[in-house]
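Shown next, in structure tokens, is the structure this report addresses.
The values are calculated or read from the model by the stated rules, or taken from the named source; none is laboratory data. Keep in mind it's a predicted model, so treat the numbers as computed, not measured. Positions of Cβ are backbone-derived with ideal geometry, glycine not excepted, and every protein chain shown enters the neighbour counts.
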Amino acid sequence: MLVTVCKSLLDDVVARIPGMDGTFTTSALPGGLTNHNYRVTSTSGLEAVVRLSSPQSALLAIDRDAEYANSVAAASTGVAPGVLAYLPDLHALVIEWIEGRTFESADLDDSDTLVRVAAACRRLHAGPRFAGDFDMFALQRRYLDLVLSRGYRLPPTYVDFTDEVTRICDAMTVRHEGTVPCHNDLLAANIMADDEQLWLVDFEYSGNGDPCFELGNLCSEAHLGPDRLEELIAAYYGVATPGKVARARLFAIMSDYGWTLWGAIQAATSELDFDFWSWGLEKFDRAVAQFRGPDFSRLITEVQQP
């Protein structure tokens, strides 16, 4: 049934893509946990990616209108593919096809690559302001309220770390330095490389946020250690000061802790054949290890220093 629905939607979407003339072929693309992605190629030579999103993604605080606006803004910086069409009535976003290689986590475990990623982030962060803001502390609370109110499954000790989250939040506010347009979901699968540059794709969670969340979240998603995080901070800021490193490391903890709830919501609601519960539990275990780790109190102190 899903295949039939998607085929019908694809036909309707392609009919409304500017420049998509003649006949066309489609092929499903791998990945995508909140949408279905398809490569579309027309006989006229135009190639595009069609993303069909699920209406259920609103539970995850995904604003599709903001995603579209931010995708356009990101494309204007040259680090994201252009937007060809936005069809909200069909839950579709159409972007240019990039002929390149999609990263895996191992690709980010490399000093030269981290320099290139930092440069792409700086370029994005210097671009036009995004629609909406991104705050992991607020998002984590929103997710938790949803999970508790609906009785979704939750790691038994999840709420035991509320005090640690409060400590991080309070410490972060001491040296808050404003927000920039951020991607906020830079896992390896959302980074591509062609012969000339890196491309950032999938702006579902984009919004104006703290650049140290961008960097800390990236390292968390790729399972990079503290040394690699320091390299990324140095490449982005020019120097890895203790305060910036602490800020990114604390945001990496919040990334794991917050996205744990994303996994819990998906486990309860998604129809995709994916083990969201184990995915989220792995993140929770990493967060707990950091909450209880020997560096936590030091990071709280260092993030507040000039």
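For segment 279-302, which residues satisfy the criterion of being in a helix (DSSP H, G or I) and either assigned by TED's automatic domain parsing to the domain that holds residue 57 or over 19 Å from the mean Cα position of the chain (by Cα) (or both)?
285, 288, 289, 290, 291, 296, 297, 298, 299, 300, 301, 302
Quickly run through segment 52-92 and pick out the residues that are more than 23 Å from residue 197 (Cα to Cα) and in a strand (DSSP E or B).
Residues satisfying the conditions are 52, 53, 85, 86, 87, 92.
Looking at segment 96-113 only, could you name the residues that are under 19 Å from the mean Cα position of the chain (by Cα), loosely packed, with under 15 Cβ neighbours inside 10 Å and part of a loop (DSSP other than H, G, I, E, B)?
Hit for segment 96-113 is 104, nothing else.
Looking at segment 284-298, can you tell me whether even one residue there is farther than 30 Å from residue 54 by Cβ and acidic (Asp, Glu)?
Within segment 284-298, one or more residues are farther than 30 Å from residue 54 by Cβ and acidic (Asp, Glu).
Could you tell me whether segment 295-303 includes any residue that is more than 22 Å from residue 62 (Cβ to Cβ) and touching a His at 6+ places or on another chain (Cβ under 9 Å)?
No, segment 295-303 contains no residue that is more than 22 Å from residue 62 (Cβ to Cβ) and touching a His at 6+ places or on another chain (Cβ under 9 Å).
Return the residues of segment 236-277 that are more than 19 Å from the chain's Cα centre (by Cα) and part of a helix (DSSP H, G or I); say none if nothing qualifies.
Scanning segment 236-277 gives 237, 242, 243, 244, 245, 246, 268, 269.
Residue check: is residue 204 more than 16 Å from residue 250 (Cβ to Cβ), in contact (Cβ under 8 Å) with a residue 12 or more places away in the chain, in the same structural domain as residue 268 (by TED's automatic domain parsing) and buried (at least 20 other Cβ atoms within 10 Å of the Cβ)?
Judged against the criteria, residue 204 is a match.
Kindly indicate which of 146, 215, 154, 229 is in contact (Cβ under 8 Å) with a residue 60 or more places away in the chain, crowded, with 19+ Cβ neighbours inside 10 Å and either on the phi < 0 side of the Ramachandran plot or not assigned by TED's automatic domain parsing to the domain that holds residue 83 (or both).
215
Quick one: which residue in 69, 80 is at negative phi, out of contact with any strand residue (DSSP E or B) (no Cβ under 6 Å at 6 or more places or on another chain) and not basic (Lys, Arg)? It would help to see each step written out before you state the result.
Values: 80 fails: out of contact with any strand residue (DSSP E or B) (no Cβ under 6 Å at 6 or more places or on another chain).
Exactly one residue qualifies, and that residue is 69.
So, of the residues in segment 35-55 that are closer than 16 Å to residue 90 by Cβ and out of contact with any strand residue (DSSP E or B) (no Cβ under 6 Å at 6 or more places or on another chain), which turns out to be surrounded by the fewest Cβ atoms within 10 Å (Cβ to Cβ)?
Here the answer is 55.
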